[in-house]
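Since the structure comes first, as structure tokens, the remarks are kept for the end.
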Amino acid sequence: AVVAAMKEHLTSEEVQEEGCRALRGVASNRGFDILVAEHAGIQAVMAAMRGHLSCEKVQIQGCVALRNLTANDGPAEAVMKQGGVKAVVEAMEDCLSCNEVQIHGCGALW
């Protein structure tokens, strides 16, 4: 339902932020991170980040979601193959003055 809502409301910063927040929470639980990846969660997070480059709140939640997805081997490979590193680097470049984006971006890249 979260991914569907994010797809339905691509232009809404609020929906994208809360969608990334929800996916980050689910992905923080071992085993559920794989479910997020299998149900287009990675694509939804990256679409949110790319669609709202200047929105720090979306970038923060997106970076944390990708960090949680890369904490384990299975989803980490999928995140890398789908351009997750590029999405995080773009977020960090576009939000240079936002400490939270920088911190969580580094966490995702770690």
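The values are calculated or read from the model by the stated rules, or taken from the named source; none is laboratory data. All figures in this text were calculated on a predicted structure; none of them were measured in a lab. Note that each Cβ is placed from the backbone with ideal geometry, even for glycine, and that neighbours are counted across all protein chains shown. Side chains are part of the model used for accessible areas, which takes the heavy atoms of the whole protein and leaves out ligands, DNA and RNA. Shrake-Rupley method; radii C 1.70, N 1.55, O 1.52, S 1.80 Å.
For M80, tell me the accessible area in Å² from a 1.4 Å probe, rounded to the nearest 10.
Accessible area, nearest 10 Å²: 130 Å².
Hey, can you list the DSSP H helices of the chain whose Cα span along the axis is 18 Å or longer and whose average Kyte-Doolittle score is at least 0.0?
Answer set is 56-69.
Can you give me the solvent accessible area of L96 with a 1.4 Å probe, rounded to the nearest 10 Å²?
Surface open to solvent at L96 totals about 130 Å².
Quick one: with all protein chains in place, what share of the accessible area of the chain is carbon or sulfur, to the nearest percent (1.4 Å probe)?
56
So if I place +1 on the C-beta of Lys and Arg and -1 on the C-beta of Asp and Glu, and nothing else carries charge, what would the dipole magnitude of the chain be about its Cα centre? I want it in debye, nearest 20.
For this selection, approximately 220 debye.
If you consider only alpha-carbon coordinates, what radius of gyration and Dmax does segment 1-68 have, in Å?
According to the Cα coordinates of segment 1-68, Rg and Dmax are 10.4, 32 Å.
What does the helix-only formula give at 222 nm for the chain: each DSSP H stretch with n ≥ 4 adding -39500 (n - 2.57), the total divided by the residues, and the result rounded to the nearest 500 deg cm²/dmol?
-23000 deg cm²/dmol
Heavy-atom accessible area per residue, the chain, 1.4 Å probe: how many Å²?
Ligands and nucleic acids excluded, the figure is 54 Å² per residue.
Hey, quick one: spin label on I103, modelled 7 Å out along Cα-Cβ, who in segment 44-61 has an amide N within reach, i.e. under 19 Å?
Inside the label zone: 55-61.
How far is the Cα center of segment 63-81 from the Cα center of segment 1-42, in Å?
Cα centroid of segment 63-81 versus Cα centroid of segment 1-42: 13 Å apart.
Expressed in whole Å with the largest first, what are the equivalent ellipsoid semi-axes of segment 38-110 derived from the C-alpha gyration tensor as the square root of 5 times each eigenvalue?
The equivalent ellipsoid of segment 38-110 has semi-axes of 19, 13, 9 Å.
For the chain, set up a Gaussian network in which alpha carbons nearer than 10 Å are linked by springs, and say which option among R24, R67, R50 fluctuates the most.
R50
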